[in-house]
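I'd like to ask you about the structure that follows.
The values are calculated or read from the model by the stated rules, or taken from the named source; none is laboratory data. Given the structure is predicted, the values throughout are model-derived calculations rather than measurements. No Cβ is skipped: glycine too gets one built from the backbone with ideal geometry, and neighbour counts run over all protein chains shown. Note: accessible area is taken over every heavy atom of the protein model, side chains too, but ligands, DNA and RNA are not part of it. Shrake-Rupley method; radii C 1.70, N 1.55, O 1.52, S 1.80 Å.
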Amino acid sequence: MSNVSVKKKSQIADVWKRLCRNKTAVLGLVIFGLLALMAIISPIVLDYETQVIKADYSSTLQAPSAAHWFGTDELGRDILFRVMYGSTVSLSIGIVTVIVALFFGLILGAAAGYYGGKVDMVIMRIMDIFLAIPGTLLAICIVASLGNSIPNLVIAQAVSSIPTFSRVVRGAVITARDAEYVEAARAIGAKDGTIIFKEVLPNSLAPIIVQTTLQVATVILSIAGLSFIGLGIPAPRPEWGAMLSGARAYIRDYSYMCLFPGLAIMTTILSLNLLGDGLRDALDPRLR
């Protein structure tokens with residue numbers, strides 16, 4: 001085993017130890033892990049047609065009970081099952097969106113930070129234009145133009161997230177591009193692409209990882225907001241924001257219809273924020 005691989009493993013172990021010492025970060029990691037597990041198993045244990053979207057008018061608006069732990073909605077559908085299946089929708093779309101945004105953000109931010117000059121100016125001014133538009137408003141415009149569907153929602157959220165990743169990556173690359181190992185790679189004739197993706201970016205992962213974690217929370221919250229106003233996940237597929245929107249008319253007498261989807265959104269965002277803050281502390285070299 002090479003010294004480089006041993007060093008990387010020791011660094012990862014060191015980061016993991018510092019993360020585990022942060023109780024709030026561990027709490028966030030555990031909560032998000034349970035939510036992710038629920039998102040994975042829900043499509044397996046639940047029948048989408050009969051248990052998630054099928055109406056049962058003999059069981060409408062029932063309060064939480066042993067038969068229905070979270071109660072039922074105006075169509076008699078079990079809210080627990082819909083919240084569980086909604087985790088699959090929200091988390092999968094949030095993660096896929098961030099992966100797409102991260103891919104383009106890495107390319108644009110790395111090019112801007114590494115080459116500088118006119119390349120940096122052009123890319124960053126374009127990103128500034130997108131940043132000048134509120135992300136939710138930009139997503140609303142894109143979804144309204146392209147149509148209400150899951151792929152279009154992913155596109156809308158990814159476009160509004162790319163500028164954030166681009167700026168984070170650019171800052172990290174600017175810090176690392178003049179390091180000695182980069183100069184050594186240039187001296188042996190390595191190409192720019194090799195230097196960027198094998199030398200610069202792997203040594204600039206700390207802020208990118210933290211931003212990725214926090215951006216998943218931002219995207220999930222934005223998706224819930226779009227669904228709340230009718231521009232998110234199309235019915236009848238359950239999504240937490242859409243469930244809140246449908247429960248508005250019943251909040252006075254059947255508050256549990258809003259309570260459980262709202263708690264699901266709050267718990268997910270809180271866990272990701274706690275995890276993101278813990279990762280920021282664990283990856284910060286000044287705190288070692």
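In region 158-180, what count of residues is obtained for those that are among the hydroxyl-bearing types (Ser, Thr, Tyr), open to solvent by 10 Å² or more (accessible area, probe 1.4 Å) and in contact with a helix residue (DSSP H, G or I) (Cβ under 6 Å, 6 or more places away or on another chain)?
The qualifying residues number 1.
Residues to consider are 104, 81; find the one that is open to solvent by 30 Å² or more (accessible area, probe 1.4 Å) and under 24 Å from residue 157 (Cα atoms).
That would be 104, the only listed residue that is open to solvent by 30 Å² or more (accessible area, probe 1.4 Å) and under 24 Å from residue 157 (Cα atoms).
Out of curiosity, is residue 66 among the hydrophobic types (A, V, I, L, M, F, W, C), open to solvent by 60 Å² or more (accessible area, probe 1.4 Å), without any contact (Cβ under 8 Å) to a residue 60 or more places away in the chain and outside any helix (DSSP H, G or I)?
yes
Can you spot a residue in region 263-283 that is in contact with a Phe, Trp or Tyr (Cβ under 8 Å, 6 or more places away or on another chain), assigned to a helix (DSSP H, G or I), open to solvent by 20 Å² or more (accessible area, probe 1.4 Å) and farther than 30 Å from residue 168 by Cβ?
No, region 263-283 contains no residue that is in contact with a Phe, Trp or Tyr (Cβ under 8 Å, 6 or more places away or on another chain), assigned to a helix (DSSP H, G or I), open to solvent by 20 Å² or more (accessible area, probe 1.4 Å) and farther than 30 Å from residue 168 by Cβ.
Among the numbered criteria (1) surrounded by fewer than 19 Cβ atoms within 10 Å (Cβ to Cβ); (2) more than 20 Å from residue 219 (Cα to Cα); (3) hydroxyl-bearing (Ser, Thr, Tyr), which one does residue 92 miss?
Among (1) surrounded by fewer than 19 Cβ atoms within 10 Å (Cβ to Cβ); (2) more than 20 Å from residue 219 (Cα to Cα); (3) hydroxyl-bearing (Ser, Thr, Tyr), residue 92 violates only (2).
Taking region 52-63 on its own, how many of its residues are part of a helix (DSSP H, G or I) and surrounded by 16 or more Cβ atoms within 10 Å (Cβ to Cβ)?
Going through region 52-63 one residue at a time, the tally reaches 2.
Follow-up. Any idea which of (1) of a type outside the set (Lys, Arg); (2) surrounded by fewer than 19 Cβ atoms within 10 Å (Cβ to Cβ); (3) touching a residue at least 24 places away in the same chain (Cβ under 8 Å); (4) assigned to a loop (DSSP other than H, G, I, E, B) is the one residue 235 doesn't satisfy?
Every condition holds for residue 235 apart from (3).
Kindly indicate whether any position in region 205-216 is within 20 Å of the chain's Cα centre (by Cα), surrounded by fewer than 23 Cβ atoms within 10 Å (Cβ to Cβ) and among the small types (Gly, Ala, Ser).
yes
For region 130-139, indicate whether the set of residues that are assigned to a helix (DSSP H, G or I), closer than 19 Å to residue 232 by Cβ, out of contact with any His (no Cβ under 8 Å at 6 or more places or on another chain) and without any contact (Cβ under 8 Å) to a residue 12 or more places away in the chain is non-empty.
Yes, region 130-139 contains a residue that is assigned to a helix (DSSP H, G or I), closer than 19 Å to residue 232 by Cβ, out of contact with any His (no Cβ under 8 Å at 6 or more places or on another chain) and without any contact (Cβ under 8 Å) to a residue 12 or more places away in the chain.
Could you check how many residues of region 181-204 are under 22 Å from the mean Cα position of the chain (by Cα), open to solvent by 10 Å² or more (accessible area, probe 1.4 Å) and without any contact (Cβ under 8 Å) to a residue 60 or more places away in the chain?
Residues flagged as under 22 Å from the mean Cα position of the chain (by Cα), open to solvent by 10 Å² or more (accessible area, probe 1.4 Å) and without any contact (Cβ under 8 Å) to a residue 60 or more places away in the chain within region 181-204 amount to 1.
Out of everything in region 34-51 that is in contact with a helix residue (DSSP H, G or I) (Cβ under 8 Å, 6 or more places away or on another chain) and among the aliphatic types (A, V, I, L, M), what residue ends up being most open to solvent (accessible area, probe 1.4 Å)?
Among residues in region 34-51 that are in contact with a helix residue (DSSP H, G or I) (Cβ under 8 Å, 6 or more places away or on another chain) and among the aliphatic types (A, V, I, L, M), the one most open to solvent (accessible area, probe 1.4 Å) is 40.
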